[in-house]
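The values are calculated or read from the model by the stated rules, or taken from the named source; none is laboratory data. What you are looking at is a predicted structure, and each value in this text was computed from that prediction instead of being measured. Here the Cβ positions follow ideal geometry from the backbone for every residue, glycine too, while neighbour counts run over all protein chains shown.
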Amino acid sequence: MENQLPRIYQETSETKIDFAYVPGKACKGPKRKFIALIKTSFMDNGSKGRRRSALREIFAKMLNKDEYELYFLIGSTNVRKQMKMVDGKMKDDSFVFKYEKDLKNELETFDDLVVGDFEDNYENLPIKTFLGYKFLNEKCDGKYEFATFTDDDAFIDWPFIKQYLKETAYESSSIHCLKGNLIEKVRAPYNGKYWLWHELWPSQFKPPSYCNGQCALLTSEAVSKIYTAAKITNRNNFRLEDFFYVGILRLKAGIPNPKPFIFKNTTNTHAPHYRSACYHMADIARYDTLIKALEQYDEGKLFIAASA
């Protein structure tokens with residue numbers, strides 16, 4: 001079995017996506033330790049931004065305000081795109097965006113949504129991820145040390161991450177799997193929820209190691225290298241964003257295998273044997289359950305078990 005990239009990912013091809021909206025405050029202040037990017041949608045599981053409200057509260061409680069900037073990645077499904085009028089005439093290459101009331105209010109109140117010009121659905125998750133890399137490189141270059149890509153149904157142990165980065169040696173260009181273990185497969189998945197077409201990853205090629213897309217941390221140098229590779233690589237509608245960005249493009253960019261974020265518990269008998277920093281809450285993630293997780297964490301009752 002070959003341990004390299006199929007030819008379609010070695011060839012050069014332009015990839016781009018346009019911003020529909022960029023926060024006016026984006027990376028205008030001093031350099032931060034973290035820029036946190038959270039993949040979300042307008043409805044965020046039907047609650048119209050309530051998950052995002054909880055996540056803003058969680059970040060404010062777990063990190064000092066001068067340590068981080070938080071942004072949400074979202075598609076333009078709930079944004080109407082209109083031709084821009086110049087002197088009473090439509091201009092073909094220029095657009096204005098009209099936002100639905102709830103989204104407009106959220107933008108005006110928090111100014112932390114990065115909106116991309118694409119339909120917001122599951123199959124476009126790789127495009128949403130590209131939007132994040134584009135934002136970091138074009139709007140925040142040189143203004144942060146680490147970036148995280150997480151889902152809006154994940155609870156992150158930020159104090160644990162800070163401790164880990166303080167006590168652990170790592171390369172200047174590195175990726176860390178916050179759920180714990182790397183995803184390492186002998187063959188690509190051709191069935192199940194996370195399936196691929198055989199032509200997108202032929203069976204004679206061994207899949208690269210990668211982190212679960214729900215929770216990954218990257219150094220700024222790794223972000224830059226992956227974005228450089230992404231801009232010149234045709235995704236060919238590859239649908240698994242974690243496999244593609246921190247697997248295929250990581251390999252193409254010459255970045256070493258991701259690091260597992262997993263630690264043996266040697267003190268607390270009530271905690272899992274191996275712990276990590278990302279708790280994926282999935283369908284139970286709502287405003288109340290996310291805040292409840294924070295309360296349990298503060299009380300020392302939330303223990304995050306390592307997984308992949």
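Asn237 - would you say it is of a type in the set (S, T, N, Q) and out of contact with any strand residue (DSSP E or B) (no Cβ under 6 Å at 6 or more places or on another chain)?
yes
Just to check your reading of the model, which residue among Gly24, Gly46, Gly29 is out of contact with any Leu (no Cβ under 8 Å at 6 or more places or on another chain) and at pLDDT below 90?
Of the residues listed, the single one that is out of contact with any Leu (no Cβ under 8 Å at 6 or more places or on another chain) and at pLDDT below 90 is Gly46.
Can you tell me which residue is farthest from Leu290 (Cα to Cα) among those in the range 157-213 that are charged (D, E, K, R) and buried (at least 19 other Cβ atoms within 10 Å of the Cβ)?
Taking the candidates together, the pick is Lys179.
Do we find a residue being more than 18 Å from Ile38 (Cα to Cα), touching a residue at least 24 places away in the same chain (Cβ under 8 Å) and part of a helix (DSSP H, G or I) anywhere in the range 251-263?
yes
Any idea which of (1) within 16 Å of Leu37 (Cα to Cα); (2) surrounded by 23 or more Cβ atoms within 10 Å (Cβ to Cβ) is the one Gly247 doesn't satisfy?
Among (1) within 16 Å of Leu37 (Cα to Cα); (2) surrounded by 23 or more Cβ atoms within 10 Å (Cβ to Cβ), Gly247 violates only (1).
Could you tell me whether the range 214-226 includes any residue that is farther than 24 Å from Ile161 by Cβ, modelled with pLDDT of 90 or more and either acidic (Asp, Glu) or not in a helix (DSSP H, G or I) (or both)?
no
Within the range 68-89, does at least one residue satisfy the condition of being touching a Ser or Thr at 6+ places or on another chain (Cβ under 8 Å), in a strand (DSSP E or B), among the aromatic types (Phe, Trp, Tyr) and at pLDDT 85 or above?
For the range 68-89, residues touching a Ser or Thr at 6+ places or on another chain (Cβ under 8 Å), in a strand (DSSP E or B), among the aromatic types (Phe, Trp, Tyr) and at pLDDT 85 or above: present.
Might you check whether a residue that is in contact (Cβ under 8 Å) with a residue 40 or more places away in the chain, farther than 24 Å from Ala54 by Cβ, not in a helix (DSSP H, G or I) and not charged (D, E, K, R) occurs anywhere in the range 290-304?
Within the range 290-304, none of the residues are in contact (Cβ under 8 Å) with a residue 40 or more places away in the chain, farther than 24 Å from Ala54 by Cβ, not in a helix (DSSP H, G or I) and not charged (D, E, K, R).
Have a look at Ile38, Ile58 and point out the one that is among the β-branched types (Val, Ile, Thr), modelled with pLDDT of 65 or more and in a strand (DSSP E or B).
Step by step, each of Ile38, Ile58 is checked, and only Ile38 is among the β-branched types (Val, Ile, Thr), modelled with pLDDT of 65 or more and in a strand (DSSP E or B).
Considering every residue within the range 254-272, establish whether at least one is among the aromatic types (Phe, Trp, Tyr) and more than 30 Å from Phe205 (Cα to Cα).
Yes, the range 254-272 contains at least one residue that is among the aromatic types (Phe, Trp, Tyr) and more than 30 Å from Phe205 (Cα to Cα).
So which residues in the range 140-160 are over 16 Å from the mean Cα position of the chain (by Cα) and either under 20 Å from Lys31 (Cβ atoms) or of a type in the set (A, V, I, L, M, F, W, C) (or both), if there are any at all?
Answer for the range 140-160, where residues must be over 16 Å from the mean Cα position of the chain (by Cα) and either under 20 Å from Lys31 (Cβ atoms) or of a type in the set (A, V, I, L, M, F, W, C) (or both): Asp141, Gly142, Lys143, Phe160.
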